[in-house]
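What follows is one structure encoded as structure tokens, with my remarks underneath.
The values are calculated or read from the model by the stated rules, or taken from the named source; none is laboratory data. Bear in mind that the values here come from a model prediction, so they are computed numbers and not experimental data. Reconstructed Cβ throughout: ideal geometry from the backbone, glycine too, with neighbour counts over all protein chains shown. Ligands, DNA and RNA are excluded from the accessible area calculation, which covers all protein heavy atoms including side chains. Shrake-Rupley method; radii C 1.70, N 1.55, O 1.52, S 1.80 Å.
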Amino acid sequence: MNLNSETIKKDFRRKLIHMFSEDIEGASTLHKYLAFGSLIKEYCAENWLKTNKQYRQSGKKQVYYFSMEFLIGKLLRSNLLNLGIEKECEEALKELGISLSELEEAEMDAGLGNGGLGRLAACFLDSMASLGIPGHGCGIRYKYGLFEQKIVDGYQVEIPDNWLREGNIWETRKDDKAIVVKFGGRVTPIFEEGKLNFKHEDYDQVLAVPYDTPIIGHNNKTVNTLRLWSAETVESDKELDFSFFKHGNYSKAVEYKSSVESISQVLYPDDSQLEGKILRLKQQYFFVSAGIQSILRSYMKTRNPINDLYKYVAIHINDTHPSLAVPELMRILIDEKGLEWDEAWNITTKTISYTNHTIMAEALEKWPISILKNLLPRIFMIIEEINRRFTDKLFAKYPNNWAKVNNMAIINNGKIRMANLAIVGGHSINGVAKLHTEILKRRELSDFYELYPEKFNNKTNGITHRRWLLQANPELAKLITKTIGDKWITQPKSFIDLLKYAKYSSFQDKIYEIKRDNKVKFAEQVKNKYGIVIDPDSIYDVQVKRLHAYKRQILNLFNIVHLYDQLKQNPNLDITPRTFIFAAKASPSYYLAKEIIKLINTVGNKINNDRRINDKIKVIFLENYRVSLAEKIIPCADISEQISTASKEASGTGNMKFMMNGAVTIATLDGANIEIRDAVGDENIVTFGMTAKEVMNYEKNGGYSSRELYDKDSRLHTIVNQIVNGHFGVPSAEFKNIYNHLIERNDEYFIFKDFDSYIKAQEKIDKLYRNKTKWEEMCITNIAHSGIFSSDNTISQYASGIWNARRVNIK
Ligand code: 26Q
């Protein structure tokens, strides 16, 4: 974009007056942010329009990424970067006595996701736009995102995330594009003109109103769209509403309105016990139906034949949450477009593709028939018919093999299995890392792999290097550009050119200085917020991610408690000082996870206040982990903790963000950690623990006893006892879930089993860190190899291998 600071200043003043009747001197930071952000949206408006027009004219395939979650974070800085006007804006604001970072602080995170899956969707949007691929997001405009976390007396307390409180300057409401979604009612088959049709009556209507957010590509004029749907009462029901009101039944009117609006009220936290909540099913159908209806509405305007839909439209579903896309597309093609079943099925399967993000069978989504049938009677009929035809085929192929048919059927045991529906109803299923895909093929979904080998493929996850390096670590970005030029911004694989400099001491010194400066700044923020002093010359050892038993925050904590014991015995123990940094939200009903948060805080409190250990270790728990906090902490990390039980973490994406910022990973051979190891080599990562094979072998054949290890290993014995005997100054009952999990329930995630090798791995890191030259070489090598984990790379593979979508250059 061609803008100078004079124009920006003038435009900004105009915006402030127009929106708030204020001048720069009188406006609050919030108002300045709102006005400035609105100006930036204005700057991209023309290209947004252009992009849409040229997409229509090009007749190229459009990709729609359906996801219950988009964990976007903030947009101000990334929009400036992608528009290529960051410098000009910073300068203009500076001349007005305003700092851009002050305005950034006023923006609320769009926290419309739980963790990895939602953040992946956001990274993919950035990469699709930056590669010029016509790819758009489709999801729900939750009024409340993932809860805000406060830590009170060491406990997690949840507060509603009212992120729209001050308004959202990035979105545009499109009333004229609203869609009606139908729930409940009765379906009756009728014969009309020799054809069987289905009449849907007495249903409830919900109005889906789209809010569009521009997704700006990096310096390429492309502006794609994230369309999020909000649930409202339809106009005719408003009259109904009003008639309740008129007749004095005010509460009934309010009740009706809020029951409709509840559909897009709140994001469900990723629950350990996957309860089938009707409201969640409503959310799923609500956005899937609105999304597909609106796609078809614009497709019909192209005048291309309906049978060619799959040539112009790809619908990708992010996990099974949107898998009702399969029967919904069938419904529209059959009931509304009048197609025969086989034609509709051919189109549907060629249009839809699906990504699986989880291995654990118990986490696969299932919906009770009774719930689905009542809420979506026509959709249920279609699922039944899909299942009938599919199982007929299976019986023909595997006569009398009941076990196999049972395992693969879409409807089984009173439940509808959404993964089976997505696999049967789409043309592609992919895992998110090599190991994950292998486990799906050989174990979890082996029967499907045997039936449809051609549908299975791997697409290792990626992250947008623009947000996670260019934006989050500007000094490192500058150094890289100075060293190898700026082509890495559009061709992230060229990070590899840094390898030449890995052994240069002057380059190593610069890398060291940048990290140290980041650490100093962070230490100041920690001191201000938590009153805890941390040493920027200590190793920052960071584990930030959702709290889950399988991610094994407890294993990390066991190393800390063990180290602390050693330090108490010998305060002069020769170790490099360390700061252990945690951040994690636990699902509100996940009691074990919440207890682990309390334990981290309890242990931290004791250690941080123990004078005897000479400040050699500190433990910090950062409140309210979210995208914007991740952007602050990741550039400071020396160590990246990726220590899940092998086979449990489908991919992980935090692991990639850390390596890209020059942290060394301590890792199990799980998810994408394996691919990180393969890229950097064994000398540049520290691995430990059981392999996935060993873990799965124990799970299958038994033979593991945590109690045995507890009895045998005095270190484990001491640590466990200290946790439950009040050693850390908290009543012993406090951590009984943790104790039961580890001892009574046989340590499901093999913490005791991997403990010894984890301790050794940590000791190895301590030694490695002392050799500055070697250490910096490791950090640089990690950065140099991180390009393959850019989501640009991942998206290119989706585009060519799954979607068959091509770029459109916007002129
Ligand atoms: C399901 C039912 C009811 C309520 C919530 C949910 C729910 C919500 C979110 C279930 C799962 C999720 C999110 C899963 C997730 O984030 N998975 C992660 O996906 C990443 C991207 O592929 C991987 O890197 C991680 O390994 C994987 O854990």
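Yes/no matrix, rows are residues, columns are (1) among the polar types (S, T, N, Q); (2) open to solvent by 30 Å² or more (accessible area, probe 1.4 Å); (3) over 25 Å from the mean Cα position of the chain (by Cα); (4) under 30 Å from Asn47 (Cα atoms):
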residue: Thr773; (1), (2), (3), (4): yes, yes, yes, no
residue: Glu777; (1), (2), (3), (4): no, yes, yes, no
residue: Ile783; (1), (2), (3), (4): no, no, no, no
residue: Phe789; (1), (2), (3), (4): no, no, no, yes
residue: Ala799; (1), (2), (3), (4): no, no, no, yes
residue: Lys811; (1), (2), (3), (4): no, yes, yes, yes
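Filtering the stretch 669-686 down to residues that are in contact (Cβ under 8 Å) with a residue 60 or more places away in the chain and assigned to a helix (DSSP H, G or I), which residue is surrounded by the fewest Cβ atoms within 10 Å (Cβ to Cβ)?
Glu683
Yes/no matrix, rows are residues, columns are (1) of a type in the set (Val, Ile, Thr); (2) open to solvent by less than 30 Å² (accessible area, probe 1.4 Å); (3) at pLDDT below 95; (4) touching a Pro at 6+ places or on another chain (Cβ under 9 Å):
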residue: Thr490; (1), (2), (3), (4): yes, no, no, no
residue: Lys500; (1), (2), (3), (4): no, no, no, no
residue: Ser506; (1), (2), (3), (4): no, no, no, no
residue: Ile511; (1), (2), (3), (4): yes, yes, no, no
residue: Asn518; (1), (2), (3), (4): no, yes, no, yes
residue: Val526; (1), (2), (3), (4): yes, yes, no, no
residue: Tyr530; (1), (2), (3), (4): no, no, no, no
residue: Val533; (1), (2), (3), (4): yes, no, no, no
residue: Tyr540; (1), (2), (3), (4): no, yes, no, no
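Hey, could you check the stretch 97-129 for residues that are over 25 Å from Lys282 (Cβ atoms), among the small types (Gly, Ala, Ser) and open to solvent by less than 20 Å² (accessible area, probe 1.4 Å) and say which is farthest from the chain's Cα centre (by Cα)?
Filtering the stretch 97-129 for residues that are over 25 Å from Lys282 (Cβ atoms), among the small types (Gly, Ala, Ser) and open to solvent by less than 20 Å² (accessible area, probe 1.4 Å), the one farthest from the chain's Cα centre (by Cα) comes out as Ala129.
If you go through the stretch 641-658, how many residues are outside any loop (DSSP other than H, G, I, E, B) and within 14 Å of the ligand (Cβ to nearest atom)?
Our first condition is that a residue be outside any loop (DSSP other than H, G, I, E, B); within the stretch 641-658, this holds for 641-642, 654-658.
Checking the rest, the ones that are also within 14 Å of the ligand (Cβ to nearest atom) come to 642, 654-658.
Within the stretch 641-658, residues that are outside any loop (DSSP other than H, G, I, E, B) and within 14 Å of the ligand (Cβ to nearest atom) number 6.
List the strands (runs of 3 or more DSSP E) inside the stretch 170-233, counting only whole elements, that have at least 2 residues being surrounded by fewer than 19 Cβ atoms within 10 Å (Cβ to Cβ) and at positive phi. Quick ask: steps written out before the conclusion?
Numbers: elements: 179-183, 186-192, 195-201, 204-216, 223-232.
It comes to none.
Select, from Ile666, Ile633, the only residue that is within 28 Å of Asp109 (Cα to Cα), more than 16 Å from the ligand (Cβ to nearest atom) and either open to solvent by 20 Å² or more (accessible area, probe 1.4 Å) or not in a loop (DSSP other than H, G, I, E, B) (or both). So that I can check it myself, show each step before the final result.
Details: Ile666 fails: within 28 Å of Asp109 (Cα to Cα).
That would be Ile633, the only listed residue that is within 28 Å of Asp109 (Cα to Cα), more than 16 Å from the ligand (Cβ to nearest atom) and either open to solvent by 20 Å² or more (accessible area, probe 1.4 Å) or not in a loop (DSSP other than H, G, I, E, B) (or both).
From the residues in the stretch 672-706 that are over 22 Å from Glu777 (Cα atoms) and among the β-branched types (Val, Ile, Thr), which one is nearest to the ligand (Cβ to nearest atom)?
Val695
Does Leu81 meet the test of being open to solvent by 10 Å² or more (accessible area, probe 1.4 Å), hydrophobic (A, V, I, L, M, F, W, C), within 23 Å of Pro588 (Cβ to Cβ) and part of a helix (DSSP H, G or I)? Explain how you work it out, then say what you get.
On the way: open to solvent by 10 Å² or more (accessible area, probe 1.4 Å): yes; hydrophobic (A, V, I, L, M, F, W, C): yes; within 23 Å of Pro588 (Cβ to Cβ): no; part of a helix (DSSP H, G or I): yes.
In short, no.
Taking the condition of being in a strand (DSSP E or B) and either among the aliphatic types (A, V, I, L, M) or under 13 Å from Thr213 (Cβ atoms) (or both), how many residues in the stretch 117-145 meet it? Lay out the reasoning, then the answer.
Going residue by residue through the stretch 117-145, those that are in a strand (DSSP E or B) are 135-140, 144-145.
Filter again for either among the aliphatic types (A, V, I, L, M) or under 13 Å from Thr213 (Cβ atoms) (or both), leaving 136-140.
Adding up the residues that qualify gives 5.
Would you mind finding the one in Gly37, Gly26, Gly59 that is on the phi > 0 side of the Ramachandran plot and not acidic (Asp, Glu)? It would help to see each step written out before you state the result.
On the way: Gly37 fails: on the phi > 0 side of the Ramachandran plot; Gly26 fails: on the phi > 0 side of the Ramachandran plot.
So the residue among Gly37, Gly26, Gly59 that is on the phi > 0 side of the Ramachandran plot and not acidic (Asp, Glu) is Gly59.
Taking the options Glu239, Glu201, name whichever one is at pLDDT below 95, farther than 23 Å from Ser67 by Cα and of a type in the set (D, E, K, R). Write out each step before concluding.
Details: Glu201 fails: at pLDDT below 95.
Result of the check over Glu239, Glu201: Glu239.
For the stretch 338-356, how many residues meet the condition of being away from the ligand (no atom under 16 Å from the Cβ) and either assigned to a loop (DSSP other than H, G, I, E, B) or modelled with pLDDT under 95 (or both)? Full working, then the answer.
First pass over the stretch 338-356, keeping only residues away from the ligand (no atom under 16 Å from the Cβ): 338-352.
From the residues that got through so far, the ones that are either assigned to a loop (DSSP other than H, G, I, E, B) or modelled with pLDDT under 95 (or both) too are 338-340.
Result for the stretch 338-356: 3.
In the set Arg165, Arg141, which member is more than 16 Å from the ligand (Cβ to nearest atom) and under 22 Å from Leu281 (Cβ atoms)? Talk me through it step by step, then tell me what you get.
On the way: Arg165 fails: under 22 Å from Leu281 (Cβ atoms).
Going through Arg165, Arg141 in turn, just one is more than 16 Å from the ligand (Cβ to nearest atom) and under 22 Å from Leu281 (Cβ atoms): Arg141.
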